[in-house]
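So the structure is just underneath, and the comments pick up after that.
The values are calculated or read from the model by the stated rules, or taken from the named source; none is laboratory data. Every value quoted in this text rests on a predicted model; they were computed, and no experiment measured them. Positions of Cβ are generated from backbone atoms using ideal geometry, with glycine treated the same way; all protein chains shown enter the neighbour counts. Accessible surface areas use protein heavy atoms only, side chains included; no ligands, DNA or RNA. Shrake-Rupley method; radii C 1.70, N 1.55, O 1.52, S 1.80 Å.
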Amino acid sequence: AQVIQAVKKDMVFYRSSGGGVTFSGGEPLTQPVFLKALVDGCRRLGIHTAVETCGCFNWAAAEEAMAMLDYIIFDLKHMDAGRHKALTGASNKQILENARRAAGLGIPMRVRIPVIPSLNDSPENIQTTAEFVRDHLPGAVGIELLPYHKLGMSKYAALGLEYTLDHITPPDDARMAWLRSLITAAGVPCITPDGDAESEADPPRLTVVR
């Protein structure tokens, strides 16, 4: 009830922007009962809802909450199972299966790839991801490439934590444009952060959820 009261304060902005509430984290789908209650509360108020997920959650526990959403933003970090485990500490098997299940709900789904140079920005990984989206995720409206940045370095320092990626340089615009071209060449729209879609055909305009 406290969260819903906070959400209601911004309803005028949701109406004027066409946006709504995005549940992020951490991983919101590891708290499915609480998430379902929040989504239900937003729906009763006519507020559009979205979730950002890394895909690593128990589907049976989260399915009801997922099915109530208006929009899904689903991260796919790496398609190679071994490389995914080396980078994240977990296999991508559950993540890919949850992506397939989420696509089957018929809810618009944006697939997002956090692009980290030398770790997951190879053309093979980008192309394989695009092909997976094209062939297995009929509910996906496209792929968004999210370039790596170093904005979190000061927070790590303030917390006394080691920042292990300070040697990585964020990808430049030319690199990002080339990676997007690999996605559109596979027949999948590539969504820019402002909600525009790039494809070889005339793409639909997509609603930006803020």
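The table below lists the values:
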{"read-out": "Filtered residues of the stretch 43-80 (kept if closer than 13 Å to Ile107 by Cα and in contact with a His (Cβ under 6 Å, 6 or more places away or on another chain))", "value": "Asp70"}
{"read-out": "Enumeration of residues in the stretch 63-77 that are part of a helix (DSSP H, G or I), farther than 21 Å from Val133 by Cβ and open to solvent by less than 40 Å² (accessible area, probe 1.4 Å)", "value": "Ala65"}
{"read-out": "Test: Pro138 is farther than 14 Å from Ile183 by Cβ, touching an Asp or Glu at 6+ places or on another chain (Cβ under 7 Å) and either touching a residue at least 24 places away in the same chain (Cβ under 8 Å) or of a type in the set (Ser, Thr, Tyr) (or both)", "value": "no"}
{"read-out": "Gln94 being open to solvent by 30 Å² or more (accessible area, probe 1.4 Å) and either free of Cβ contacts under 8 Å to residues at least 12 places away in the same chain or under 26 Å from Gln31 (Cα atoms) (or both)", "value": "yes"}
{"read-out": "Verdict on Asp80 being of a type in the set (D, E, K, R), at pLDDT 95 or above and open to solvent by less than 30 Å² (accessible area, probe 1.4 Å)", "value": "no"}
{"read-out": "Among (1) open to solvent by less than 30 Å² (accessible area, probe 1.4 Å); (2) closer than 18 Å to His84 by Cβ; (3) part of a loop (DSSP other than H, G, I, E, B) - the single one Thr164 does not satisfy", "value": "(1)"}
{"read-out": "So Ile191, is it touching a residue at least 40 places away in the same chain (Cβ under 8 Å) and within 17 Å of the chain's Cα centre (by Cα)", "value": "yes"}
{"read-out": "Identity of the residue in the stretch 167-185, more than 14 Å from Ser118 (Cα to Cα) and of a type in the set (Ser, Thr, Tyr), that ends up surrounded by the most Cβ atoms within 10 Å (Cβ to Cβ)", "value": "Thr184"}
{"read-out": "Lone unmet requirement of (1) among the hydrophobic types (A, V, I, L, M, F, W, C); (2) in contact with a strand residue (DSSP E or B) (Cβ under 9 Å, 6 or more places away or on another chain); (3) surrounded by fewer than 19 Cβ atoms within 10 Å (Cβ to Cβ) for Val12", "value": "(2)"}
{"read-out": "The stretch 15-59: number of residues that are assigned to a helix (DSSP H, G or I), open to solvent by less than 80 Å² (accessible area, probe 1.4 Å) and closer than 24 Å to Ser91 by Cα", "value": "4"}
{"read-out": "Cβ-Cβ under 6 Å pairs, at least 6 apart or on other chains, the stretch 1-21 side within 14 Å of Tyr71 (Cβ to Cβ) and in contact (Cβ under 8 Å) with a residue 12 or more places away in the chain, far side part of a helix (DSSP H, G or I) and open to solvent by less than 80 Å² (accessible area, probe 1.4 Å)", "value": "Gly20/Tyr14; Val21/Val7; Val21/Cys42"}
{"read-out": "Total residues in the stretch 107-153, condition closer than 23 Å to Asp70 by Cα, open to solvent by 50 Å² or more (accessible area, probe 1.4 Å), in a loop (DSSP other than H, G, I, E, B) and modelled with pLDDT of 95 or more", "value": "1"}
